[in-house]
Amino acid sequence: ILYVIGIVLETTADYQKRMFKAENTGFCNVGLWSISQHPNWFGNLLIWAGILIMNAPALVDASAMVAVGEKASFFEIVWRYRRLALACLSPMFIFYLFNGQADGSLTTTVELAKGKYGSPEYEKYLASVPKIFPKLF
């Protein structure tokens, strides 16, 4: 379900922006773009989180299971879940890249956008709308 929600959000956000740009100049602040500065990135994060959740059972090492009634050591537990732990790094890394681009710490896109759309309305948008995770209430 998370995967499907992500696909719908990302596709809808891209469509809304395309339609907005076809009829307007300036920055897109309608639809999903009114509750997140990057709703398409949020959708992408949901897609990858959904993929992780769908594959989680296959990532747990069944061969490292302990017999019923036996106690597993800490190392055995860690070893059993090692692939799942490594797979969790993927959505976290994507979030790091998206967040770094959104706040300008990895690229100059924030400064370029301010130069392109620099207006009091755009500054208010940046200050009041969350970067990635939508503000629902």
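The values are calculated or read from the model by the stated rules, or taken from the named source; none is laboratory data. Since the model is a prediction, treat every value here as computed from it, not as a measurement. Note: ideal-geometry Cβ built from the backbone for every residue, glycine included; neighbour counts use all protein chains shown. Only protein heavy atoms, including side chains, enter the accessible area calculation; ligands, DNA and RNA are left aside. Shrake-Rupley method; radii C 1.70, N 1.55, O 1.52, S 1.80 Å.
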(message) Based on this model, can you work out whether ILE94 counts as touching a Ser or Thr at 6+ places or on another chain (Cβ under 9 Å), under 21 Å from TRP41 (Cα atoms) and open to solvent by less than 80 Å² (accessible area, probe 1.4 Å)?
(response) no
(request) Of all residues in the range 9-51, count the ones that are within 17 Å of GLN101 (Cα to Cα) and among the basic types (Lys, Arg). (result) 0
(message) Cβ-Cβ distance below 8 Å, separation of 6 or more or different chains: which pairs start in the range 13-40 with a residue that is charged (D, E, K, R) and end on one that is modelled with pLDDT under 95?
(response) LYS17/CYS28; LYS21/CYS28
(request) Could you list all residues from the range 103-137 that are under 25 Å from GLU10 (Cβ atoms), free of Cβ contacts under 8 Å to residues at least 24 places away in the same chain and not in a helix (DSSP H, G or I)? (result) GLY104, SER105, LEU106, THR107, THR108, PHE137
(message) Looking only at helices (runs of 4 or more DSSP H) that lie completely in the range 1-88, which have at least 3 residues being surrounded by fewer than 16 Cβ atoms within 10 Å (Cβ to Cβ) and in contact with a helix residue (DSSP H, G or I) (Cβ under 7 Å, 6 or more places away or on another chain)?
(response) 2-23, 39-59
(message) If I filter the range 99-129 down to residues being under 22 Å from the mean Cα position of the chain (by Cα) and open to solvent by less than 40 Å² (accessible area, probe 1.4 Å), which single residue comes out as farthest from PHE27 (Cα to Cα)?
(response) GLY100
(message) Would you confirm, using the coordinates I've provided, whether ARG18 is modelled with pLDDT of 90 or more, basic (Lys, Arg) and more than 20 Å from LYS124 (Cα to Cα)?
(response) yes
